[in-house]
4 protein chains.
Amino acid sequence: MTDQPLKAAILGASGYTGAETVRILRNHPNVTPVAATGNALAGKKLSGIFPHLRGKHDLDVIKAEDVDWNGVDVVFGCLPHGTSQDLIETLPAHVKVVDLSSDYRFRDADLYSQAYGREHIAPERTAKAIYGLSEHNGEQMMGSNLVACPGCYPTAILMVLLPLMKPMIIDRDAIIIDAKSGATGAGRGLKEGNLFSEVTEGLHAYGVGTHRHTPEIEQELNLRAGLNDIEVTFTPHLIPMARGEHVTCHLRGDVDSIHAALSAAYADQPFVSVLPLGSPPPDTRHVRGTNDCRIAVFKDRAKGRVIVIAVIDNLVKGSSGQAIQNLNLMMGWDQALGLDALLPLFP
Amino acid sequence: MTDQPLKAAILGASGYTGAETVRILRNHPNVTPVAATGNALAGKKLSGIFPHLRGKHDLDVIKAEDVDWNGVDVVFGCLPHGTSQDLIETLPAHVKVVDLSSDYRFRDADLYSQAYGREHIAPERTAKAIYGLSEHNGEQMMGSNLVACPGCYPTAILMVLLPLMKPMIIDRDAIIIDAKSGATGAGRGLKEGNLFSEVTEGLHAYGVGTHRHTPEIEQELNLRAGLNDIEVTFTPHLIPMARGEHVTCHLRGDVDSIHAALSAAYADQPFVSVLPLGSPPPDTRHVRGTNDCRIAVFKDRAKGRVIVIAVIDNLVKGSSGQAIQNLNLMMGWDQALGLDALLPLFP
Amino acid sequence: MTDQPLKAAILGASGYTGAETVRILRNHPNVTPVAATGNALAGKKLSGIFPHLRGKHDLDVIKAEDVDWNGVDVVFGCLPHGTSQDLIETLPAHVKVVDLSSDYRFRDADLYSQAYGREHIAPERTAKAIYGLSEHNGEQMMGSNLVACPGCYPTAILMVLLPLMKPMIIDRDAIIIDAKSGATGAGRGLKEGNLFSEVTEGLHAYGVGTHRHTPEIEQELNLRAGLNDIEVTFTPHLIPMARGEHVTCHLRGDVDSIHAALSAAYADQPFVSVLPLGSPPPDTRHVRGTNDCRIAVFKDRAKGRVIVIAVIDNLVKGSSGQAIQNLNLMMGWDQALGLDALLPLFP
Amino acid sequence: MTDQPLKAAILGASGYTGAETVRILRNHPNVTPVAATGNALAGKKLSGIFPHLRGKHDLDVIKAEDVDWNGVDVVFGCLPHGTSQDLIETLPAHVKVVDLSSDYRFRDADLYSQAYGREHIAPERTAKAIYGLSEHNGEQMMGSNLVACPGCYPTAILMVLLPLMKPMIIDRDAIIIDAKSGATGAGRGLKEGNLFSEVTEGLHAYGVGTHRHTPEIEQELNLRAGLNDIEVTFTPHLIPMARGEHVTCHLRGDVDSIHAALSAAYADQPFVSVLPLGSPPPDTRHVRGTNDCRIAVFKDRAKGRVIVIAVIDNLVKGSSGQAIQNLNLMMGWDQALGLDALLPLFP
């Protein structure tokens, strides 16, 4: 415990990741949210926008320009890409940043431009930001001032693939990822395709062959493998559920080596569990509302093929939970602080 | 805090309320689950039946007859009615009982027989059991050895109606309750009507005019009012959602008096909030996963009519959460122990 | 069959009722959709907006001002209230109108203004429009040029209550209607509250005590009863499903008289069935995708109280299906034309 | 039209495919259901089991042994595997059979035994049954007495892959199929895993590496390719929706060749449409309730990889609809008879 709780501002509190960050922080002993920004809704109570927060953590939503930064130690950036860097680059130097947008995920600002269609305003800074996949880059985070949290898909996918990037475990030219996400993955944007009646009782793929998380995934795989030509197929699908993310990785390799590499990688990690071979497939329901990631490995009927599945809650391990875990790592605290009281909600 | 945690056995751990009790107890500082019974599934791990509990609280499921009662201080009875009394009446005297079934809810064993179609085997004991609506009968629970938790519907309904039972607040001859519940309210029984494909994307009433919670509600209302002829209309509906309960009480009376009586009743209660007049209607999502109850009062267009709405999570405040709250009250502890870390899951 | 199919224009084809009207008309032998308007989306294919219509009935969406009215015999008005009258009042006299908005539902334009907050631009015309509850006003429709289809809630509710408006069947001072609707009832408007993640797995009431369908219901009840002081309580709830509407009418009266009055009223109607006493409660799933209405009557445990339930598909009998049935009646055709091939989709 | 409608018996009418067959037949001009069997529920009305059929096609459910086979021209076998052959092999020779179970899908009875764990009682008959993928084997069906309808997954998958089995279109050693199905795909069996509360708001894979549809798919691919070593990876997932099936085929090949081969294969087919390149991904909602299959082809970012998606309604094109289409083909009728009035239900 610290003597004084860290004071946190949530930038973009009117979206799902903003609200989820406030929600989870309620159980954090070392951090107190002191400000919530949201330009369009400034002047409202946060609990007026998200009534579930009533009586839990309530805050007034204010404009970013009205925050007193002297009273803020850390920000959680829950803004859309682009908007995020525009604000973050104006913050005073003493403010630590945990950014949940895609703005600082690319080491190479040109890659960012290609994927997101705008110039990066701080290319040197993005080059030095830590890519916040907690279990893999935790040591680098300690003392860092800027951590870029991975996208929800890359979080689950890299958790599977990074430990397999050593030579001879899998065929790195035959990585196929079929991913499924609940509707909160698309954020709170007002589009017909996000309406209840157009999501319930059906299923479709999106961003087929073109999704912006693919270069992010490839960046980290190549970096880990010391290569530059790993390409993956990544095909996401929108599932009629609010939360949850399921990645099915179709690989070529040896089932035992894969299971061993994954088990070794996460043996001491509180939030990642690799199920014993022969376990039933994990379910997104088993981790709903928690910071947990479950991984299972299956031998296929077809020779030399292996299926690895990982499940997370996209709003927790896939965004706000991992962001808080990253803050814990930046501060040198127990990484589970504020996260271990989260219990899976089933049914 | 106690020196030694209380040791709890969960009877009937393979149903939803059993699993939910184990789940919530993980955050309770003073209680440790030491046994979980389930005759058909004895020999399995509880996390084999409910994988979401893996790595949280795991237990071996054993037969009730194999429990070492010397190592048990309290049982949570999560068995079906009938089965519950048959086991509870065999327990040694030192074991405290929090029963979630309907077996000890009726002061009058004949009422029980009429509603449930079998003789009660312990009519004197049911006459003395405390009806465990926490906010209303908390004082009587302290030191009691047998608390009968209310049904999920009666919990939400009585929370609204009990404070209105004084003369001159509402017309006690015109109480209409239209209730809606998620599918976990029906338990884990294997019936076609509980299958996903027959619950999703539709809605129906059930038990119309005949539901067994009606005499339970009327018992408590008459007792509180000092009358014996209050009758209510109670019509429940099955909603395509897993958790959540919403009661819409159509009353005749004065909106301000009703709001004042409810506000006064729960002014100091941590889990029940009466929303200010003019608030938007509460939503079951706002309390999902928590022990909270939210109540709102509305004036109707039609003269002299008032609508009062209450929402709870049927598996928490409507069963396992209230059961734990009741144990806290029996033991003289802070009633929120183990329950205040529960955060609403939205979206 | 007619010699030449009637040529229909759908005004406002980019909303759900517009698309549903086009969809159902595909099976109509006497009507051909020739134009679909939608100002914001003009220039697109209707199947680009609603891909399910691809290969069924496809049309180009055009601006209302670009319709050649000489080639149009009838319009289905699927526009929002207000917008609807503004366009309909400009149509040439030979064009018959079936309006699905609320613009012509009130005989008294002042009532309209009170409920909808704007002056009616054609008070004499609304006074003469036929209120299109098919089973009740079918004879008046024959030869009419303007039929105003009831709201989805009033359709189901009046189907229950109109036959009970004779003296001595029910207590007309104690009518309580608790209604439940799927999310398509709110249309295709882009609001946070209509997003999948904010509708799934939860439930809330809305418009409590103030909904605009209440005066519409009261108008018809008073008219039928020859009274002017009937007031009803009407409380709608949003259910996590796309289609379906369920009304639970809590009444005082005699169960047999009520059942007899309803059975007599619909004995010869192809789309309305009154279930035998003792039947299980009807389910919205049983009528999903059809123009059917099912009604069931239940005696309550409480003396003198009766519950009557009706279910419809809000997009079919509650809007587009009834609109087509009304056109059939206007033209003197079999009222089931184009509607009897619709089969309920279960599961 | 025939002079006399064909008289059909539905074997196993108390499951979803049985009910769906009865439902769809209502619109068939040439076929009349005359008997519905279901041993456990014999004596009930079919509409008592499936109330949505009330007033549409109603039948008494009887025991199979009580059917008067002289009055039956064709049976639709909607029984579980094993049970199906046991009954079908006892039928008189004049009765045509359209079997929806897996019992006659394998040319080689040994393959059946391996996959389904029991000996086949009529190996010669299964060797001669026509594999009822309507668009591919329609000519062979004419005059046949026994058609074995494909599984729901093989239907969608083979529709994509069969036209690609010529040399040089795709790499036949790198076929990965990631499939997603609604809960009706699992039938009406009473298992905890099929309960609403355990299917809603989550997602999991099943039968990973071991599903029994894999050898069925491989049989047809090898037969078409004239090979015997094609192996596929097939990984199905249970999606929280009642109906719908979505297959995502991850292939290696040239996008234009693949699109051309598929477009050519289905150019004249009324129920299969291959979307133009560049179309948005198809959605199971677009075909819900219909016999349609939609296919779309996408070029991946990664060199040489192509994604092909197909969607069907598993209860229509994936079972009962295709069964009726097959009967049409057996009889030499228009294959769309009774199926073209089915309209997609969206939303």
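Got a sec? Which of D:158, D:133, D:162, D:111 is under 17 Å from residue D:220 (Cβ atoms) and either in contact with a Lys or Arg (Cβ under 8 Å, 6 or more places away or on another chain) or of a type in the set (Val, Ile, Thr) (or both)?
On the way: D:158 fails: either in contact with a Lys or Arg (Cβ under 8 Å, 6 or more places away or on another chain) or of a type in the set (Val, Ile, Thr) (or both); D:133 fails: either in contact with a Lys or Arg (Cβ under 8 Å, 6 or more places away or on another chain) or of a type in the set (Val, Ile, Thr) (or both); D:111 fails: either in contact with a Lys or Arg (Cβ under 8 Å, 6 or more places away or on another chain) or of a type in the set (Val, Ile, Thr) (or both).
Criteria check complete, one pass: D:162.
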Residue within segment D:234-241 that is out of contact with any Ser or Thr (no Cβ under 7 Å at 6 or more places or on another chain), in contact (Cβ under 8 Å) with a residue 12 or more places away in the chain and of a type in the set (S, T, N, Q) present: no
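Quick one: would you say residue B:89 is without any contact (Cβ under 8 Å) to a residue 12 or more places away in the chain and surrounded by fewer than 23 Cβ atoms within 10 Å (Cβ to Cβ)? Working first, answer last.
Numbers: without any contact (Cβ under 8 Å) to a residue 12 or more places away in the chain: no; surrounded by fewer than 23 Cβ atoms within 10 Å (Cβ to Cβ): yes.
For residue B:89, the condition - without any contact (Cβ under 8 Å) to a residue 12 or more places away in the chain and surrounded by fewer than 23 Cβ atoms within 10 Å (Cβ to Cβ) - is not met.
Checking the structure you have, find out if any residue of segment C:150-171 is at negative phi, modelled with pLDDT under 95, open to solvent by 20 Å² or more (accessible area, probe 1.4 Å) and within 12 Å of chain B (Cβ to nearest Cβ). Spell out how you get there, then give the answer.
Here is the first cut: in segment C:150-171, the ones at negative phi are C:150-167, C:169-171.
Next, from what is left, pick out any that are modelled with pLDDT under 95: C:166-167.
Next, from what is left, pick out any that are open to solvent by 20 Å² or more (accessible area, probe 1.4 Å): C:166-167.
Among the residues that remain, those that are also within 12 Å of chain B (Cβ to nearest Cβ) are: none.
No: zero hits.
Would you please name the residue that is farthest from the chain's Cα centre (by Cα), looking only at residues in segment A:189-211 that are open to solvent by 30 Å² or more (accessible area, probe 1.4 Å) and of a type outside the set (Phe, Trp, Tyr)? Please lay out each step first, then the result.
Residues of segment A:189-211 that are open to solvent by 30 Å² or more (accessible area, probe 1.4 Å), as a first pass: A:189-193, A:204, A:206, A:210-211.
If we keep only those that are of a type outside the set (Phe, Trp, Tyr) too, we end up with A:189-193, A:204, A:210-211.
Working: A:189: 18, A:190: 22, A:191: 23, A:192: 25, A:193: 23, A:204: 22, A:210: 20, A:211: 16 Å.
This residue is A:192.
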Lone unmet requirement of (1) touching an Asp or Glu at 6+ places or on another chain (Cβ under 6 Å); (2) surrounded by fewer than 19 Cβ atoms within 10 Å (Cβ to Cβ) for residue B:70: (1)
Those residues of segment B:12-68 which are in contact with a Phe, Trp or Tyr (Cβ under 9 Å, 6 or more places away or on another chain), hydrophobic (A, V, I, L, M, F, W, C) and closer than 17 Å to residue B:187 by Cα, in sequence order: B:13, B:19, B:22, B:50
Some residue of segment C:117-135 being over 18 Å from the mean Cα position of the chain (by Cα) and of a type in the set (Phe, Trp, Tyr): no
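Restricting to segment A:264-307, give me the number of residues that are in a strand (DSSP E or B), in contact (Cβ under 8 Å) with a residue 40 or more places away in the chain and out of contact with any Ser or Thr (no Cβ under 8 Å at 6 or more places or on another chain).
First, the residues of segment A:264-307 that are in a strand (DSSP E or B): A:272-274, A:283, A:293-299, A:305-307.
Narrowing the set further to residues that are in contact (Cβ under 8 Å) with a residue 40 or more places away in the chain leaves A:272, A:293, A:295, A:297-299, A:305-307.
Subsequent filtering for residues that are out of contact with any Ser or Thr (no Cβ under 8 Å at 6 or more places or on another chain) retains A:272, A:297-299, A:306.
Total meeting the criteria: 5.
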Residue within segment C:242-249 that is crowded, with 24+ Cβ neighbours inside 10 Å and either outside the structural domain of residue C:183 (by TED's automatic domain parsing) or on the phi > 0 side of the Ramachandran plot (or both) present: yes
Which listed residue, of B:332, B:338, B:321, is in a loop (DSSP other than H, G, I, E, B) and open to solvent by less than 30 Å² (accessible area, probe 1.4 Å): B:338
Segment A:96-114 - residue that is closer than 20 Å to residue A:315 by Cα and either among the hydroxyl-bearing types (Ser, Thr, Tyr) or part of a loop (DSSP other than H, G, I, E, B) (or both) and, of those, nearest to the chain's Cα centre (by Cα): A:100
Filter result for residue C:144 (within 14 Å of another protein chain (Cβ to nearest Cβ), among the hydroxyl-bearing types (Ser, Thr, Tyr) and over 13 Å from the mean Cα position of the chain (by Cα)): no
Residue, farthest from residue C:195 (Cα to Cα), within segment A:3-35, restricted to residues that are in contact (Cβ under 8 Å) with a residue 24 or more places away in the chain, out of contact with any Asp or Glu (no Cβ under 7 Å at 6 or more places or on another chain) and open to solvent by 50 Å² or more (accessible area, probe 1.4 Å): A:5
Matching residues, segment A:178-225, being assigned to a helix (DSSP H, G or I), farther than 23 Å from residue D:307 by Cβ and more than 8 Å from every other protein chain (Cβ to nearest Cβ): A:223, A:224, A:225
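Which helices (runs of 4 or more DSSP H) does segment B:1-95 wholly contain that include 3 or more residues that are touching a His at 6+ places or on another chain (Cβ under 8 Å) and modelled with pLDDT of 95 or more?
Details: elements: B:16-25, B:46-49, B:83-88.
Where helices (runs of 4 or more DSSP H) fall fully within segment B:1-95 and carry at least 3 residues being touching a His at 6+ places or on another chain (Cβ under 8 Å) and modelled with pLDDT of 95 or more, they are B:16-25.
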Qualifying positions in segment B:36-67 - touching a residue at least 24 places away in the same chain (Cβ under 8 Å) and open to solvent by 20 Å² or more (accessible area, probe 1.4 Å): B:39, B:40, B:41, B:42, B:49, B:56, B:57, B:59, B:60, B:62, B:63, B:66
From B:143, B:189, B:138, residue being on the phi > 0 side of the Ramachandran plot and not β-branched (Val, Ile, Thr): B:143
Number of the exception - residue B:274 against (1) surrounded by 20 or more Cβ atoms within 10 Å (Cβ to Cβ); (2) among the aliphatic types (A, V, I, L, M); (3) facing another protein chain (nearest Cβ under 8 Å): (3)
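Residue under question is residue B:286, and the condition is that it be open to solvent by 10 Å² or more (accessible area, probe 1.4 Å) and touching a helix residue (DSSP H, G or I) at 6+ places or on another chain (Cβ under 8 Å); does it hold?
Details: open to solvent by 10 Å² or more (accessible area, probe 1.4 Å): yes; touching a helix residue (DSSP H, G or I) at 6+ places or on another chain (Cβ under 8 Å): yes.
Yes, satisfied.
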Failed criterion for residue D:340 (all others in (1) away from chain A (no Cβ under 12 Å); (2) in contact with a helix residue (DSSP H, G or I) (Cβ under 7 Å, 6 or more places away or on another chain) hold): (2)
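The values are calculated or read from the model by the stated rules, or taken from the named source; none is laboratory data. These numbers come from a predicted model, not from an experiment. Neighbour counts are summed over all protein chains in view; Cβ atoms, including those assigned to glycine, are modelled from backbone coordinates with ideal geometry. Note: areas computed on protein heavy atoms with side chains; ligands, DNA, RNA excluded. Shrake-Rupley method; radii C 1.70, N 1.55, O 1.52, S 1.80 Å.
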